[in-house]
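Asker: Would you mind keeping the following structure in view while I ask a few things?
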Amino acid sequence: MAVLNDEQVMLRDMAREWADNEQPVAAFRKLRNAAPSEGYDREAWSTIGQMGWAGIVVPEEYGGSAFGYLSLGLVVEQLGRNLVASPLASTAVAAGAIILGEDEAVKAEWLPRIAAGEVVATLAIDEGPHHGGVAASITRVGNGRLTGTKQFVAEGDGAQLFVVSAQDGMYLVAGDEGVTRSSRRMADSRSHAEVRFEDAPAVRLGGPELAGKVVDRAAAITAAEMLGMAEQAFAMTNDYLKTRVQFGQKLSTFQALQHRMARMLTELELMRSVVEAALEAIDAGRSDVDQAVSLAKAVAGETLRLVSRETVQLHGGIGMTDEHDAGFYLKRSAVLEAMWGNAAYHRERFARLNGY
Amino acid sequence: MATAADQQADPLERFRQEARAWLAENFPPSLRGKDNAMSAVEGPGDQSEDEARWQQAMGAKGWGVPTWPKQYGGGGLSRAEARVLQEEMARAGAWNPIGGMGVMMFGPTLLEYGSEEQKLEHIPRIADGTVRWCQGYSEPGAGSDLAALQMFAEDAGDHYVVNGQKTWTSGGQWADKCFALVRTDRSHKHAGISFLLIDMDSPGVEVKPIRLISGASPFCETFFTDVKVPKRNLVGREGQGWEIGTRLLQHERTSLSGGGSTGRMMGGEPISAVAKKYRGVDAEGRLDDADLRMRLVRHEMDARAFALTLRRAALEAKSNAGPSAASSIMKNVGARVTQDRAELAVEIMGMQGLGWEGEGFTEAELTQTRTWLWGKAVSIYGGSTEIQNNVIAKRILGMTEAG
């Protein structure tokens, strides 16, 4: 665990307590079954807004708390433990793009509203099923109007504000003019949409280098969500092994299973280190954020893959049923693994950054 | 110059011509390559006219169970002939419409342990696909520790009265009959188990499908309340159920290990082609993602090694009467190959391979998501990977438990 200051400890504990009391996995299950069109729990989002979590990376002058990305990661991690279906991560990261951007009027107009939880925002970057895949961005902007199609935009169903990458930089698209959304129903039962922009009014936030910075932040926050999921799936499995009796003894007494749990705990410790290091690198403004993020996302991908698969396997038959929560972790893990570059993508990027 | 091998091959060659001609006459070309690999999971759909005709023809010929004896409705073929039939079916794009638990597990077991009367009653209707069987083994408290089962069959003179609950009853909601392990004696754990055949439409049988993470419900919870079962439905002796039941599990493992043996994805396309389509190629025409490329190759080699092992085991088993303890190895490797392939498919397709329903995804992509999730069951059902490893350690390696 990173060395946290008092505010961060308080924030983390508060988020954990809220998630456990108000948003257990049963709340996600209820949402999954109800399948609201916006894809998230409105009431939970409103509470998140009141608690100021959407403004964690927003400077104080714009109504935020300026706690930074490690703090945001702590909250997202706690929510990830219980698979809380909220647009917090995408909104906060989109706010980060506005903050890093160069348009003061945009900051003044939108950041206070984001910090107050009044607006759902998101990144619209990828144009295919893989991050940084074969199709380069063909989104273009002329006369302040943006045209292009973005795929698998998280929270794309309900977002009012899009931070969009184009050939020559990053733009902000607000409102519905020139925007068409088509929902993509995916295995994790969360909101994803294809978003088509046709001559949508767009304000320039910055050049192509901004996109890289923004995606690094998104990947690091995603890794924090993955960390929370892996921790909780592991804890759930650990509890189950200590309860389930077969052959007249608890499963936790079998050495073969003990060693698998020990291996996972080991991997989880490594995962926590790299995720926290990436978030700290962002907060410190270090020059090697890119490789810290690739390290974090690659390790997070591999570890959550291991833990989520083992969670199903070690629960045995019950783990294959929809009635149990194990499948939710499995499904969400695969989506987050693919989001902002999978482990293979980040290994390749890490290799390039390190001269391999 | 004619060699001895050529002469030996002659009758086989004649059989090949016969099989080819029969297939040309009886296999409806409209069904070419239309086998639904997920039907065991998603349940029998409505049969088309051609499908019904094909099943009827294969059932009458006995070629759905080619090596089973003719007097019970089987094909009566030698293993060599059965292999030729398989080759000719593949050549014609034909598939076996006769399947299910009756063919894979129960039939071979009943042929070995059943009375003549039982064989004549049940085997022909498995061979022609008219009766579907399900497996009543696991219970909520008896999964990996199967012998802990509690469902009780009480002796009531000419029949038993059965009470208890089974779970993971594969295809329970579609089955006509159930082969079940029941307890007839509470004082002996293994020796108190008997093998009983139960009509699923008997009064007191209640079936509740279990929804899996893939959304499908191939398994059920099955409740038995005062179900009357005639004594002629006992296979073997009272107390012989564990022996018969574990024999059946060997057949199950053998049949479950077959799924992962090819380097192809749903739709029959090679993975390499699918990967290039979704990921693109470099200047030399190789898969763009070098990391993924090498992991795909590792998987392909694993799958080929598995296929070769299956073939070697089949050849070696020719001299034996049935499956050996080596079937445990097959099931674990088969599960691994199946799951690895599905995981790689998801990675190849990215977000496109994680669709659940609705627009934006092709039918093949949505099937891939289901296949991936369903694949997680393969290392759990039919004796989990952990249980198979126990079998390997104890039965093959002779290792004993601590203490």
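The values are calculated or read from the model by the stated rules, or taken from the named source; none is laboratory data. Bear in mind the structure is a predicted one, so any value in this text is a computation, not a measurement. Every residue, glycine among them, receives a Cβ derived from its backbone with ideal geometry; neighbour counts consider all protein chains shown. Remember, those area values only see protein heavy atoms, side chains included, never the ligands or the DNA or RNA. Shrake-Rupley method; radii C 1.70, N 1.55, O 1.52, S 1.80 Å.
Asker: When Cβ neighbours within 10 Å are restricted to other protein chains, what is their mean count per residue of peptide B:164-170? Please list the in-between numbers first.
Answerer: Details: counts 0, 0, 0, 3, 4, 0, 0.
Mean partner-chain Cβ count within 10 Å for B:164-170: 1.
Asker: In addition: Within 10 Å of each Cβ of B:373-380, how many other protein chain Cβ atoms are there on average?
Answerer: Other-chain Cβ atoms within 10 Å of each residue's Cβ, averaged: 5.
Asker: Further, regarding this structure: What number does segment A:270-352 give for Rg over Rh if you use C-alpha atoms and the Kirkwood radius?
Answerer: Details: Rg = 15.0 Å, Rh = 13.7 Å.
With Rg and the Kirkwood Rh in hand, the quotient comes to 1.09.
Asker: Once both axes come from the Cα atoms, what is the angle between helix A:326-338 and the longest principal axis of chain A, in degrees from 0 to 90, rounded to 10?
Answerer: Rounded to the nearest ten degrees, it is 40.
Asker: Could you sort A:Leu205, A:Leu306 by accessible area so the largest value comes first, with the probe set to 1.4 Å? Intermediate values should be presented prior to the final figure.
Answerer: Details: A:Leu205 0, A:Leu306 40 Å².
Ranking A:Leu205, A:Leu306 by accessible area, largest first, yields A:Leu306, A:Leu205.
Asker: Further question on the same structure: Computed over the Cα atoms, what is the radius of gyration of chain A divided by 2.2 N^0.38 Å, N being its residue count?
Answerer: On the way: Rg = 20.0 Å, N = 356, 2.2 N^0.38 = 20.5 Å.
Taking N as the residue count of chain A, the ratio is 0.98.
Asker: Do any of B:Lys34/B:Lys61; A:Lys30/A:Lys242; B:Lys119/B:Lys231; A:Lys242/B:Lys331; A:Lys250/B:Lys189 go past 23 Å between their Cα atoms, and which? Numbers along the way, then the final one.
Answerer: Values: B:Lys34/B:Lys61 21 Å; A:Lys30/A:Lys242 28 Å; B:Lys119/B:Lys231 15 Å; A:Lys242/B:Lys331 27 Å; A:Lys250/B:Lys189 19 Å.
Listed pairs above 23 Å: A:Lys30/A:Lys242; A:Lys242/B:Lys331.
Asker: Then there is this: Distance in nm between label sites at B:Glu25 and A:Ser287, each 7 Å beyond Cα in the beta-carbon direction?
Answerer: Going from the B:Glu25 label point to the A:Ser287 one covers 8.3 nm.
Asker: Given only helices, namely DSSP H runs of n ≥ 4 each adding -39500 (n - 2.57), what is the per-residue ellipticity at 222 nm of chain B, to the nearest 500 deg cm²/dmol? Show your work: numbers first, answer last.
Answerer: On the way: 12 runs with 169 residues, N = 403.
For chain B, the value works out to -13500 deg cm²/dmol.
Asker: May I ask you to list the lysines whose Cα is less than 25 Å away from that of A:Lys297, ignoring any residue fewer than eight positions away on the same chain?
Answerer: Excluding near neighbours in sequence, the set is A:Lys150, A:Lys213, A:Lys331, B:Lys276, B:Lys376.
Asker: Can you list the residues of segment B:332-358 whose accessible area drops by at least 40 Å² going from the chain on its own to the full set of protein chains, with a 1.4 Å probe?
Answerer: SASA drop of 40 Å² or more in segment B:332-358: B:Glu343, B:Glu347, B:Met351, B:Leu354, B:Trp356, B:Glu357.
Asker: Hey, any idea what % of the protein assembly as shown's accessible area is carbon plus sulfur with a 1.4 Å probe? Working shown, then result.
Answerer: Values: 16460 of 32620 Å².
Looking at the protein assembly as shown in its full context, I get 50 percent from C and S.
Asker: List the residues of segment A:230-267 whose accessible area drops by at least 30 Å² when all protein chains are present, compared with their chain alone, using a 1.4 Å probe and counting only protein heavy atoms.
Answerer: When all protein chains are present, A:Arg244, A:Gln246, A:Phe247 each give up 30 Å² or more of accessible surface.
Asker: Which angle from 0 to 90°, rounded to the nearest 10, does the C-alpha axis of helix B:241-256 make with the longest principal axis of chain B?
Answerer: Taking Cα atoms only, the helix is inclined about 10 degrees.
Asker: Can you give me the accessible area per residue for the protein assembly as shown, using a 1.4 Å probe, in Å²?
Answerer: Working: 32620 Å² over 759 residues.
Using a 1.4 Å probe on heavy atoms only, each residue of the protein assembly as shown averages 43 Å².
Asker: Another question about this same structure. If you line up the long axis of helix A:208-243 against the longest principal axis of chain A, both from Cα atoms, how many degrees apart are they, to the nearest 10?
Answerer: 20 degrees
Asker: Here is a further query. May I ask you to compute the full-extension gain from B:Ala90 to B:Arg232, defined as 0.36 nm times their residue separation minus their alpha-carbon distance, rounded to one decimal in nm?
Answerer: Numbers: separation 142, 0.36 × 142 = 51.12 nm, distance 4.06 nm.
That works out to 47.1 nm of additional length.
Asker: Assuming R0 = 30 Å, can you tell me the calculated FRET efficiency for the pair A:Leu270 and B:Met399, based on Cβ-Cβ distance, to the nearest 0.05? Please report the intermediate quantities before stating the final value.
Answerer: Values: r = 32 Å, r/R0 = 1.07.
The computed FRET efficiency comes out at 0.40.
Asker: Write down the radius of gyration of segment A:121-208 and its Dmax, each obtained from C-alpha positions, in Å.
Answerer: In order Rg, Dmax, the Cα atoms of segment A:121-208 give 12.0, 39 Å.
Asker: Given DSSP loops and a limit of at most 10 other Cβ atoms within 10 Å, what is the longest stretch of chain B that contains no such GluC sites (Glu not before Pro)? Walk me through the numbers before you get to the answer.
Answerer: On the way: sites that count: B:Glu284, B:Glu359, B:Glu401.
The reported range is B:1-283.
Asker: Once both labels are modelled 7 Å past Cα along the beta-carbon direction, what's the A:Thr149-B:Met294 spacing in nm?
Answerer: Reported label-point gap for A:Thr149 and B:Met294 is 3.6 nm.
Asker: Applying 1/(1 + (r/R0)^6) with R0 = 60 Å to the Cβ-Cβ distance of B:Leu120 and A:Asp20, what FRET efficiency is obtained, to the nearest 0.05?
Answerer: Numbers: r = 62 Å, r/R0 = 1.03.
With a Förster radius of 60 Å, E is 0.45.
Asker: Using Cα-only point scatterers and the Debye equation, what is log10 of I(q)/I(0) for segment A:301-348 at each q in 0.24, 0.26, 0.29 Å⁻¹, rounded to two decimals?
Answerer: -0.79, -0.87, -0.99
Asker: Enter the buried accessible area of the B/A pair, total of both sides, probe 1.4 Å, in Å² rounded to the nearest 100. Please report the intermediate quantities before stating the final value.
Answerer: Values: alone 20680 and 15450 Å², together 32620 Å².
Using a 1.4 Å probe, the pair buries roughly 3500 Å².
Asker: Send over the semi-axes of chain B's equivalent ellipsoid, whole angstrom and largest first, taken as the square roots of 5 times the C-alpha gyration tensor eigenvalues.
Answerer: Working: eigenvalues 256, 154, 102 Å².
Over the Cα atoms of chain B, the ellipsoid semi-axes are 36, 28, 23 Å.
Asker: What is the list of residues in segment A:149-170 whose amide nitrogen lies under 17 Å from a point 7 angstrom out from the Cα of A:Asp199, following Cα to Cβ?
Answerer: Answer for this model: A:149.
Asker: Against the empirical 2.2 N^0.38 Å scaling, what ratio does the C-alpha Rg of the protein assembly as shown come to?
Answerer: On the way: Rg = 29.2 Å, N = 759, 2.2 N^0.38 = 27.3 Å.
Expressed relative to 2.2 N^0.38 Å, the Cα Rg reads 1.07.
Asker: Moving on. Across 10 Å bins from the origin, how do the percents of Cα pairs in segment B:261-396 run, short distances first?
Answerer: 11, 34, 31, 17, 6, 0
Asker: Follow-up question, since we're still on this one. Using 13 Å as the cut-off for backbone N distance, which residues of segment B:93-115 belong to the label zone defined by a point 7 Å from the Cα of B:Asp176 along Cα→Cβ?
Answerer: B:99, B:102-103
Asker: What does a probe at A:Glu109 reach in segment A:183-203, counting residues whose amide N is under 17 Å from the point 7 Å along Cα→Cβ?
Answerer: Hits in segment A:183-203 for A:Glu109 at 17 Å: A:199-203.
Asker: Averaged across A:310-320, how many Cβ atoms of other chains sit within 10 Å of each residue's Cβ atom? If you can, show how the numbers build up before the last one.
Answerer: On the way: counts 0, 0, 6, 8, 3, 1, 10, 13, 5, 4, 16.
Partner Cβ neighbours, averaged per residue: 6.
Asker: Which residues make up the longest stretch of chain B clear of trypsin sites (Lys or Arg not before Pro) that lie in a DSSP loop with no more than 15 other Cβ atoms within 10 Å, not counting the sites?
Answerer: Values: sites that count: B:Arg32, B:Lys34, B:Arg186, B:Lys189, B:Arg211, B:Arg237, B:Arg286, B:Lys318.
Free of exposed loop sites, the longest segment is B:35-185.
Asker: Shifting gears a bit: Give me the one-decimal nm value for the distance between modelled label points at B:Ala283 and B:Asp10, 7 Å along each residue's Cα-to-Cβ direction.
Answerer: Placing both labels 7 Å beyond Cα along the Cβ direction yields 6.2 nm.
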